Amino acid sequence: MLYNERNLSVAKMASQSDMKLALASVLFTKDKTVASDGVRLLEISTPKNAKVSEFPKAMQGCKPFLARARQIKDIKLLKNSAMPLVAIKHLDDTRVEFITSVGDTITSHNVARVHEQFPDYNKIFPTEKPLAEVELNGLLLAELLEVMSKLDRMSKVKIKVYAPNKPVVLEAGDKEVQFARGMLMCMMK
């Protein structure tokens, strides 16, 4: 299968510690990439509009595998393409090759496989109906969280969701020392 920069970016969510090697790795399957540090998890599907014909050997001989996140972070996709892609090629049971191609330029990275089992995270995802569902601008939310998280030594921010079309309220800090309250309007469907 073909992956893009967003698929490789899940490596940021992997653990920085090698104590649990599976959590310091990225899971690659034919339809997604996944990483977790045990507190947060990110799963991103593969791009549906990728032209597999440009990479005829993509995922040839490859089964789902783990690769160390720090090696994935080192792979840079060529930016002079409308949609830079990376293909995976099975080399042997210990290594895979990440191949990028734009025009006549081909770049490859040999990456070691991690021989551990990625946690069965699907068991943890809630399956019941959510209490509330809102759509927010992720960049605006990130800016609020960046500022507000600095008010607490544990970077805690409380998020309050009142209803689908009401603003989301954020609170952080200590009312006796320094406190912040923020609000972000929901995006209308």
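Odds and ends about this structure:
- Normalising the average separation of contacting C-alpha pairs (under 8 angstrom, six or more residues apart) by the number of residues puts the relative contact order of the chain at 15 percent.
- Residue among I106, I72, I159 with the largest mean-square fluctuation in a Gaussian network model of the chain, springs linking Cα atoms under 10 Å: I159
- Gaussian network model of the chain, springs between alpha carbon atoms under 10 Å - residue of P84, P164, P64 with greatest fluctuation: P164
- Accessible area per residue, Å², the chain with all protein chains present, probe 1.4 Å: 67 Å²
- Structure remark: mean-square fluctuation, Gaussian network model of the chain, C-alpha springs under 10 Å; the largest value among A67, A50, A163 belongs to A163.
- Efficiency of FRET from Cβ geometry, T107 and L139, R₀ 35 Å, rounded to 0.05: 0.70
- Against the main long axis of the alpha-carbon atoms of the chain, helix 138-148 sits at an angle near 60°.
- Heavy-atom surface analysis with a 1.4 Å probe gives the chain a carbon and sulfur content of 54 percent of its accessible area.
- Segment 147-184: trypsin sites (Lys or Arg not before Pro) falling in loop per DSSP and having at most 12 other Cβ within 10 Å: R153, K156, K175
- With DNA, RNA and ligands ignored, accessible area of T105 (1.4 Å probe; Å², nearest 10): 70 Å²
- Restraint check, K89/K123; K30/K89; K20/K123; K48/K123; K32/K89, Cα-Cα greater than 21 Å: K89/K123; K48/K123
- Among M148, V169, L91 the positive-end extreme of the charge dipole of the chain (Cβ point charges): V169
The values are calculated or read from the model by the stated rules, or taken from the named source; none is laboratory data. Keep in mind that this is a model prediction, so the values were computed, not measured. Neighbour counts run over all protein chains shown; Cβ positions are idealised from the backbone, glycine included. Note: areas computed on protein heavy atoms with side chains; ligands, DNA, RNA excluded. Shrake-Rupley method; radii C 1.70, N 1.55, O 1.52, S 1.80 Å.
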